[in-house]
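Each reported figure results from applying straightforward, stated rules to the coordinates on display, with no laboratory input. These numbers were taken from a predicted model, which means no experiment stands behind them.
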Amino acid sequence: MKFQIRSYSHAVGEFNYHIQITPAYRRVVMQDDRVDKLVKAYITSKLGELKIQIVTMKGGPDHLHIFVANCKNIAPAELIRQLKGFSSRMIRKNHWSLIKNYLWGEKFWSEGYFCRSIGSTTTEAVEYYIEHSQDKHWVDYEVYQKQLNEF
């Protein structure tokens, strides 16, 4: 995807972010395909409500990378707060049975996050990284599970 500097009513620039969030206690809740799809659906829904474009979203069993664009009207910390808050609330409210063996209490996400502003020279690199390098997490996890089962 090619990004260009955009002109807004009172601003000119790019407002693209690479975000990485992690479930509480770095638990592997997203190894369950249903949880993975639900979390991504809730985050997609919230980003649509905020009118923020998703470039790509992918992760492993214990984290999620999100590459978003056109985030002019919201600060990164506020964006992440809203994404984590909404998805956590909806998962706990509607799908508790899917996560109760992994998590407990009132939290789904860890308190921290990673966020980096992305300029036009690196958007393709970030998109490639998120799309292609995350598969190794699933493979590593499957190998790890197999080793544990053989033990």
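The table below gives the values:
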{"item": "3J(HN,Hα) from dihedral phi, the stretch 17-34, Karplus parametrisation 6.51/-1.76/1.60, rounded to Hz, x for glycine, proline", "result": "9, 9, 10, 10, 10, 10, x, 3, 6, 6, 6, 8, 4, 8, 5, 6, 4, 5"}
{"item": "Karplus-derived 3J(HN,Hα), 6.51/-1.76/1.60, for each residue of the stretch 53-70, Hz, glycine and proline x", "result": "7, 8, 7, 7, 8, 7, x, x, x, 10, 6, 9, 9, 9, 10, 10, 9, 6"}
{"item": "Other-chain or far-sequence residues with amide H under 5 Å of TRP109's (modelled H)", "result": "ALA24"}
{"item": "³J(HN,Hα) computed for each position of the stretch 98-111 - Karplus, 6.51 cos²θ - 1.76 cosθ + 1.60, integer Hz, glycine/proline x", "result": "6, 10, 4, 7, 9, 10, 8, x, 9, 10, 10, 9, 5, 6"}
{"item": "Flagged links, alpha-carbon separation over 22 Å, of LYS46/LYS72; LYS37/LYS100; LYS72/LYS93; LYS40/LYS93; LYS58/LYS84; LYS46/LYS93", "result": "LYS72/LYS93"}
